[in-house]
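This report concerns only the one structure given below.
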Amino acid sequence: MTILSAPLPSARCPILFETIPSSSVARKPSGTEIAFSDASYVLWIRKGGHATRYAVLEFPVGGPGWDGRAFNLIKDDGSDYQVFLARNGHDCRCDCIGAERFGHCRHMDAMRHLLREGRLEDPRGGFPVEPWPSPEQVAAERKDLPF
């Protein structure tokens, strides 16, 4: 689990929430709303009458089959959810109960909405990602092979 070096900003819930689209196929609307602070990377997710605050930390992903972006959403109590959003839009993952049970969740919906709206800066800056493994790693591994 990731430990934050600094406490989250004020626990006061923001007044302005925006309703986000859901990936659910349910007949009734999801009612999921979010508020996001661009400056402090704090995300509030409200569903029903309950709002939960998360610190948003992005972490690097790489390797075959992992073409996308990954985030750690950390709650005030220290528990966290890891969210992976695939570039193809279909192979997304979250380790929460909702995603495991139904294949979608409010965490993925919120992060997908923030990316779609351009609220999260891409750390790669538009540059191509180096293939994994790197050519240097392949060369080093070949030297160790007995044949």
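The values are calculated or read from the model by the stated rules, or taken from the named source; none is laboratory data. This one's a predicted model, so the numbers in the text were calculated from it and none came from an experiment. A quick note on method: Cβ atoms are made from the backbone with ideal geometry, for glycine too, and the neighbour counts reach across all protein chains shown.
In the set Ile45, Ile34, only one residue is part of a strand (DSSP E or B), modelled with pLDDT under 90 and buried (at least 16 other Cβ atoms within 10 Å of the Cβ); that residue is Ile34. Sub-7 Å Cβ pairs linking a first residue in the range 87-114 that is over 18 Å from Lys47 (Cβ atoms) to a second residue that is at pLDDT 90 or above and part of a loop (DSSP other than H, G, I, E, B), at least 6 apart or interchain, number zero.
Taken as a whole, the condition of being over 18 Å from Ile20 (Cα atoms) and surrounded by fewer than 15 Cβ atoms within 10 Å (Cβ to Cβ) does not apply to Gly89. Only one of the numbered conditions (1) at pLDDT 90 or above; (2) in contact with an Asp or Glu (Cβ under 8 Å, 6 or more places away or on another chain) is violated by Glu58, and that is (2).
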